[in-house]
Amino acid sequence: MLLSTFFFALMNVCVKFLSHLPPMEVVLFRSIISLLLSYGMIRQANVSPWGNRKPILVMRGLAGGFSLLMFYTTLQNIPLAGAVTIQYLAPIFTALLGVFIAKEKVAPWQWVFFLVSFSGVLVIEGVDTRISLYYLLIGIGSAFLSGVAYNSVRKLSETEHPLVIVFYFPLVSLPLSLVFCFFDWVPLRGNDWLWLGLTGILTQLGQYFMTRSYQVEKLARVASLNYIGILYALGLGFVFFGETFHLYSYLGIALVLLGVVLNMQYSRKLRKQEAAQATS
């Protein structure tokens, strides 16, 4: 999981180096690389790539594609750690949307934890003049759409092979990005090919090592390590882009992570209680 979060953090750096390109152009090249790699894995596993519940698969691809577009927009226009921190609201939106999509309940304490995280975002936006309300809302929108995508994955896991779910992400985002790029295309220059290629490769490496960590260790033991990505973002943002933050911005980042981690721990506690009651 530490390798996974590190590769994803390096991917974010590559996207930020491509700030002169439209975000959807970056999504286009990432989708091409991901589509080829995903299709190769599906062929190797001898699985049909088309799936059973195509409307939900397409919705997952659309939500993921637009979420990625909005996340890349924030990466290119606000400090690296700020963009990553706002994206960490995704688990909260996943839980909130789960109330309506998966008919799951949200306990009273979880609402408190959600408010803690949102207060952290407000602190960051309030003290960091580099993060405008416009990009803050784009970042929150990206986290919201990630929640839609994760809930779609949850419903699809009942009937679809995991590789099919992964395959539909670039399958849908590729034609979507082509339409956007038709109206807004910037010619590549210099090292753009290098950064675009690394974006796709690092994404695949991050997904591979994350999957491996979930396969060989209990979810509860490794999932929280995902949030060390904010430390990578702070360090890489400083090294590559000279980004520093006001003391209160660090407080806001801590509040976002605190709310998310407390919610995760409390959710695990509730699941254990439900399992114990079911057993008794």
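The values are calculated or read from the model by the stated rules, or taken from the named source; none is laboratory data. The model shown is predicted, which means the values in this text are computed figures rather than measured ones. As a convention, Cβ positions derive from the backbone with ideal geometry for all residues, glycine included, and neighbour counts pool all protein chains shown. Accessible surface areas use protein heavy atoms only, side chains included; no ligands, DNA or RNA. Shrake-Rupley method; radii C 1.70, N 1.55, O 1.52, S 1.80 Å.
Miscellaneous remarks
- Residues of region 15-56 classified as free of Cβ contacts under 8 Å to residues at least 40 places away in the same chain and either part of a helix (DSSP H, G or I) or closer than 10 Å to residue 167 by Cβ (or both), total: 6
- Test: residue 21 is under 22 Å from residue 141 (Cα atoms) and open to solvent by 10 Å² or more (accessible area, probe 1.4 Å): no
- The residues in region 73-125 that are in a helix (DSSP H, G or I) and either in contact with a His (Cβ under 6 Å, 6 or more places away or on another chain) or among the aromatic types (Phe, Trp, Tyr) (or both) can be counted, and the count is 7.
- Restricting attention to region 123-135, the residues that are over 20 Å from the mean Cα position of the chain (by Cα) and farther than 12 Å from residue 85 by Cβ total 6.
- Matching entry among 136, 89, 122 (being closer than 29 Å to residue 18 by Cα and at pLDDT 90 or above): 136
- Residue within region 155-177 that is at pLDDT 90 or above, within 27 Å of residue 241 (Cβ to Cβ) and not in a loop (DSSP other than H, G, I, E, B) present: yes
- Verdict on residue 142 being at pLDDT below 90, of a type in the set (Ser, Thr, Tyr) and under 26 Å from residue 59 (Cβ atoms): no
- Residues that are among the polar types (S, T, N, Q) and either open to solvent by 80 Å² or more (accessible area, probe 1.4 Å) or in contact (Cβ under 8 Å) with a residue 12 or more places away in the chain (or both) within region 231-270 comprise 249, 263, 265, 267, listed in sequence order.
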